[in-house]
1. Does Ile79 fit the bill of being free of Cβ contacts under 8 Å to residues at least 24 places away in the same chain and over 14 Å from the mean Cα position of the chain (by Cα)?
2. Given the criterion assigned by TED's automatic domain parsing to the domain that holds Asp65 and in contact with a Pro (Cβ under 8 Å, 6 or more places away or on another chain), identify the matching residue among Glu131, Glu106.
3. Name the pairs whose Cβ atoms lie under 7 Å apart, with the first residue in region 171-187 and on the phi > 0 side of the Ramachandran plot, the second outside any loop (DSSP other than H, G, I, E, B), and 6 or more positions between them or separate chains?
4. Given region 143-187, what strands (runs of 3 or more DSSP E) lie entirely inside it while holding 1 or more residues that are surrounded by fewer than 22 Cβ atoms within 10 Å (Cβ to Cβ) and either basic (Lys, Arg) or under 12 Å from the mean Cα position of the chain (by Cα) (or both)?
5. Filter region 56-76 down to the residues that are exposed (fewer than 15 other Cβ atoms within 10 Å of the Cβ) and touching a strand residue (DSSP E or B) at 6+ places or on another chain (Cβ under 8 Å) and list them by number.
6. If you scan region 109-154, which residues turn out to be of a type in the set (A, V, I, L, M, F, W, C) and more than 30 Å from Val82 (Cβ to Cβ)?
7. In region 112-139, which residues are surrounded by 16 or more Cβ atoms within 10 Å (Cβ to Cβ), part of a strand (DSSP E or B) and either free of Cβ contacts under 8 Å to residues at least 40 places away in the same chain or among the aliphatic types (A, V, I, L, M) (or both)?
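The values are calculated or read from the model by the stated rules, or taken from the named source; none is laboratory data. In this text the structure is predicted, and so the values were computed from the model without any measurement. We place every Cβ from the backbone using ideal geometry, glycine too, and count neighbours over all the protein chains shown.
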Amino acid sequence: MKLIFRIFPVLALAAAAAIIVAPVSRAGQAATAPQSKAKAAKGAVRSHPGASGLPVPRFVSLSSDTVNMRAGPGVRYPITWVYRRKGIPLMVMAEFEYWRKVRDAEGTEGWMHRSLLSGRRTALLRGEINELHQSPKAGAPVTLRAKAGVIGQLVTCQGNWCQIILNDMRAWLPRPEFFGTLPNEKF
């Protein structure tokens, strides 16, 4: 039996330090409100406890630099993807014993062992160039600009805005601009 390995497309972009977060100078251009590419869902996603007792769906991140995604919940199932970047956010869709069915930002689904996942909340930025704001308001000054594929630590959310840490700087971004949180999720 021959296994086919495919590399997750986003990983190739982020392998090098080419994706850089750049602070915006105070003397720079006036901040403008970013336009959302997709509207957030109006209702909250209903969750239920999984085998672990934690809610499903929920977000986790990769805890290792190299993680295999499998076609089913066990090592006897073939590897469908190989992730090569620690911290990628994934949505847990289901649980079976020690295995978690996850979905990535591109919509790819598969199974991973729980030991390869972390409860640390991260966010994967979408869009070509993202403008992150000083406060959770559309008219707030822009403090950072970051390219798609940048991963930051998700801190908190207020309504449609979430605070993210990138390069030790805190800034706010609307939920539709990144992958890593459920609509209207509070944490």
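1. On the way: free of Cβ contacts under 8 Å to residues at least 24 places away in the same chain: no; over 14 Å from the mean Cα position of the chain (by Cα): yes.
The answer is no for Ile79.
2. Working: Glu131 fails: assigned by TED's automatic domain parsing to the domain that holds Asp65.
Of Glu131, Glu106, the one residue that is assigned by TED's automatic domain parsing to the domain that holds Asp65 and in contact with a Pro (Cβ under 8 Å, 6 or more places away or on another chain) is Glu106.
3. Gly180/Phe59; Gly180/Pro89; Gly180/Thr122; Gly180/Ala123; Gly180/Leu124; Gly180/Leu154
4. Details: elements: 151-158, 161-166, 169-174.
Of the strands (runs of 3 or more DSSP E) lying wholly inside region 143-187, those with at least 1 residues that are surrounded by fewer than 22 Cβ atoms within 10 Å (Cβ to Cβ) and either basic (Lys, Arg) or under 12 Å from the mean Cα position of the chain (by Cα) (or both) span 151-158, 169-174.
5. Thr66, Ala71, Gly72, Gly74
6. Taking region 109-154 first, the residues of a type in the set (A, V, I, L, M, F, W, C) are 111-112, 116-117, 123-125, 129, 132, 138, 140, 142, 144, 146, 148, 150-151, 154.
Result: Leu132, Ala138, Ala140, Val142, Leu144.
7. Correct list: Met112, His113, Leu117, Ala123, Leu124, Leu125, Leu132.
For every residue, the table says whether it meets (1) of a type in the set (Gly, Ala, Ser); (2) in the same structural domain as Leu154 (by TED's automatic domain parsing); (3) touching a residue at least 24 places away in the same chain (Cβ under 8 Å).
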| position | (1), (2), (3) |
| --- | --- |
| Pro55 | no, no, no |
| Arg58 | no, no, yes |
| Met69 | no, no, yes |
| Gly74 | yes, no, yes |
| Glu95 | no, no, yes |
| Gly110 | yes, no, yes |
